[in-house]
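Peer 1: Take this structure first; my questions come after.
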Amino acid sequence: MSEILWSPVLDGRSRLERFTAWLAEHDLTHAEDYDALWQWSVQNLEDFWRSVLQWSDLPHGGDDAVVLADDSMPGARWFPDLTLNYAEAMLRLPGRADDDVVVVSVSQSRDDIELTTADLREQVARARAGLIAAGVRPRDRVAAYAPNIPETLVLLLAAASIGAMFTSCAPEFGTQSVVDRWQQIEPTVILTVDGYRYGAKPIDRHDEVAAIRAALPSVTTHVWLPYLDPAAEAPEGAIGWADFTSVSAPLEFEAVSFDWPLYVLFSSGTTGLPKPIIHGHGGITIEHTKGLALHLDLGPDDRFFWFSTTGWMMWNLLISGLLTGSTIVMFDGNPAPPGRDGDPDVSVLWRLAERVGITYFGTSAPFLLQCRKAGLVPRDIADLSQIRGIGSTGAPLPAEGFRWVYDAVSDTAQLGSTSGGTDVCASFVGGAPTKAVRAGQISCRQLGCAVESYDDQHQPVIGSLGELVVTRPMPSMPVGFWGDADGSRYRASYFEDIPGVWRHGDWITISDDGSCTITGRSDATLNRGGVRLGTSEFYSVVESLTAVTDSLVVHLEDDQGGAGQLLLFVTLAEGLELDEDLRREIAASLRSRLSPRHVPDELHQMRLLPRTLSGKKLEVPVKKILQGTPIDQAAAPGALADPTALDPFATLRR
């Protein structure tokens, strides 16, 4: 076990402790610690999720007597006799007055915006009236090609209030990426921006918007938001956002079933069209309430921030902070613009935290490691004393990343490394206010999430590497995939390998105390001499070197049963070349910090490495290309941040 970096103060004040006391008062469980509570929660799913609903006082109608009418996977049916609406739960804003600021928007494209409770409700009511005037009905699709700004949030809530389905793509997505997604679901209303500013650089999107609009014959209403240039004229046939929201109307909510479609999130689509994953009103409402209130301990006194774009599920989690009454902080722009010396200025978000009073600061593991590598000490350049929680996701955070947070950011805040997925729009594992934080380890399995580590025989194991699986239903598992009438595509995505069990595709090791580590994607396995090696430990070591800016590792198996080839690809700091000294330094670091098995057979310098639009590394397509698969069959170009990044690998085929 690694060293403890943070220990909880169990004084009964956290929402998790209050919830636990509530359960005892109602004689449901008298759990003495978190591990006992987790065990009860996964063994008694109906009691647990009914308790979350009742304790949090989520607005709903109907009867909660039946919680799980069918617990099969796939096919679980939650709260069949209940009605609710996500937008109503969001705009309840518990503990907040009409004149309280509940949305803070900071953008590099325009001035800051603050919305009070009353402002937000009024804007949603107006957008709802605009949608109804456009003929939007329940189950219609409403799409936004827009950044992390209040208008996108308002449109989502307005669509949800009607029972229509929402989806979004960040405006940095290229035309093909958007069309590949939206042609599948055929939206009737789209919101688009004219462009945006990334740091000091203006990015015009007129041509992309025109191409997207032309590719979507289903669209009957095009709403235009002049975001980059307030004077930009609307395209022909489009209605401006101001006109679209010009009519004031009562704020009403359609009562819908628990599994009524709320929004569509898309997978990365690296090997085909992105999967259109439908999430339901009830599952998102109750899962996000649990995760944000009980695990992140958010409430009306918090200012909740998570760096995200509207193309990543963390945006959906960020805005759900409103469910707890928290003020949400939205940021649109470059988190690391070029500084005076030309190097990335990674202080921007930390200075933002001081300026707007962020209490929970969420980001990605790569960003934290970038700050560490740059030698930044955030608490020396900003007053971060108000931060009580720091969230990390997107990739495993190594032990040195944990230690850097406590050395350089805050020695009192709880660091919550978390892992989940777009597929459930939630976390499987993460932190909890009553669990200690250990270097390099995720503190616990989330309440109500029956997470196990399965060995090759599909048996649960403790203390050794296995497949991350979920053995019982979660409310936020997808309602289904759009266009998948018989459910075959959904079933094949998660349940084909182990019938009745959700296989997520990550390697996980669960410790005796319930903490865990995730060591990369199981489909990117490095099987070196019969020993499985996780990709994350490679990246932790290699990318800690000053000269290395990015890395990617793959293993090519030997069909004759030999050791195969371990190939490591790196990008280097500007002006550097992969000479013999640097090769020796990389090999020595891997040998000393990991093992001789981790030393690659070949090491190649690349101009850039392939990543998805949400920043995920693409080991599997690279491996396929090196084994002879044509580029266009290995990965869909629209899924890549830069499709040209795969080209050099074709020349390195075996």
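The values are calculated or read from the model by the stated rules, or taken from the named source; none is laboratory data. Everything numeric in this text was worked out from a predicted model, so none of it was measured. In this analysis, Cβ positions are derived from the backbone assuming ideal geometry, glycine residues included, and neighbour counts consider all displayed protein chains. All accessible areas refer to the heavy atoms of the entire protein, side chains included, with ligands and DNA or RNA removed. Shrake-Rupley method; radii C 1.70, N 1.55, O 1.52, S 1.80 Å.
Peer 1: Of all strands (runs of 3 or more DSSP E) completely enclosed by segment 468-552, which ones contain at least 2 residues that are over 22 Å from the mean Cα position of the chain (by Cα) and at pLDDT below 90?
Peer 2: By residue number, 526-528, 531-533.
Peer 1: Determine whether A89 is farther than 21 Å from E452 by Cβ, open to solvent by 20 Å² or more (accessible area, probe 1.4 Å) and not acidic (D, E).
Peer 2: no
Peer 1: Report, ordered by the first and then the second residue, all pairs with beta carbons closer than 6 Å, sequence separation of six or more or different chains, a first member in segment 323-338 that is closer than 19 Å to L157 by Cβ, and a second member that is surrounded by fewer than 24 Cβ atoms within 10 Å (Cβ to Cβ) and polar (S, T, N, Q).
Peer 2: Final answer for the pair search is L323/T289; M330/S105; D332/S107.
Peer 1: Can you tell me how many residues within segment 81-115 are over 26 Å from the mean Cα position of the chain (by Cα) and either assigned to a loop (DSSP other than H, G, I, E, B) or free of Cβ contacts under 8 Å to residues at least 40 places away in the same chain (or both)?
Peer 2: 8
Peer 1: Ok, one more. Pairs under 8 Å by beta carbon, first residue free of Cβ contacts under 8 Å to residues at least 24 places away in the same chain and within 10 Å of V193 (Cα to Cα) in segment 221-240, partner in a strand (DSSP E or B) and not hydrophobic (A, V, I, L, M, F, W, C), six or more apart or different chains?
Peer 2: These pairs meet every condition: A234/G240.
Peer 1: Additional query: Here are R128, R121: which of them is part of a helix (DSSP H, G or I), touching an Asp or Glu at 6+ places or on another chain (Cβ under 8 Å) and touching a residue at least 60 places away in the same chain (Cβ under 8 Å)?
Peer 2: After ruling out the rest, the residue left standing is R128.
Peer 1: Now, a different point. Hey, can you tell me all the residues within segment 162-174 that are within 21 Å of N334 (Cα to Cα) and assigned to a helix (DSSP H, G or I)?
Peer 2: None - no residue of segment 162-174 is within 21 Å of N334 (Cα to Cα) and assigned to a helix (DSSP H, G or I), so the list stays empty.
Peer 1: Pairs needed: first member in segment 1-15, free of Cβ contacts under 8 Å to residues at least 24 places away in the same chain; second member anywhere, open to solvent by 80 Å² or more (accessible area, probe 1.4 Å) and not in a strand (DSSP E or B); C-beta distance under 8 Å; at least 6 residues apart or different chains.
Peer 2: That search, which allows pairs on different chains as well, returns G12/R18.
Peer 1: Right, something else. Could you check segment 573-603 and list, in sequence order, the residues that are touching a Leu at 6+ places or on another chain (Cβ under 7 Å) and modelled with pLDDT of 90 or more?
Peer 2: Residues satisfying the conditions are L578, R583, E585, I586, S589, V599, P600, D601, E602, L603.
Peer 1: Take the residues of segment 180-226 that are assigned to a loop (DSSP other than H, G, I, E, B) and in contact with a Lys or Arg (Cβ under 7 Å, 6 or more places away or on another chain): which is surrounded by the most Cβ atoms within 10 Å (Cβ to Cβ)?
Peer 2: My answer is P187.
Peer 1: Give the residue, chosen from P250, P261, P230, P235, that is more than 27 Å from G333 (Cβ to Cβ) and more than 28 Å from the chain's Cα centre (by Cα).
Peer 2: P250
Peer 1: Taking R126 as the residue in question, decide whether it is over 26 Å from the mean Cα position of the chain (by Cα), under 29 Å from R213 (Cα atoms) and open to solvent by 30 Å² or more (accessible area, probe 1.4 Å).
Peer 2: Yes, satisfied.
Peer 1: Quick one: S7 ticks every box in (1) over 30 Å from A255 (Cβ atoms); (2) in contact with a Phe, Trp or Tyr (Cβ under 6 Å, 6 or more places away or on another chain) except a single one, so which number is it?
Peer 2: Going through the list (1) over 30 Å from A255 (Cβ atoms); (2) in contact with a Phe, Trp or Tyr (Cβ under 6 Å, 6 or more places away or on another chain), S7 breaks only (2).
Peer 1: I need the helices (runs of 4 or more DSSP H) fully contained in segment 317-397, keeping only those with at least 1 residues that are touching a Phe, Trp or Tyr at 6+ places or on another chain (Cβ under 8 Å), among the basic types (K, R) and open to solvent by 50 Å² or more (accessible area, probe 1.4 Å).
Peer 2: Where helices (runs of 4 or more DSSP H) fall fully within segment 317-397 and carry at least 1 residues being touching a Phe, Trp or Tyr at 6+ places or on another chain (Cβ under 8 Å), among the basic types (K, R) and open to solvent by 50 Å² or more (accessible area, probe 1.4 Å), they are 365-373.
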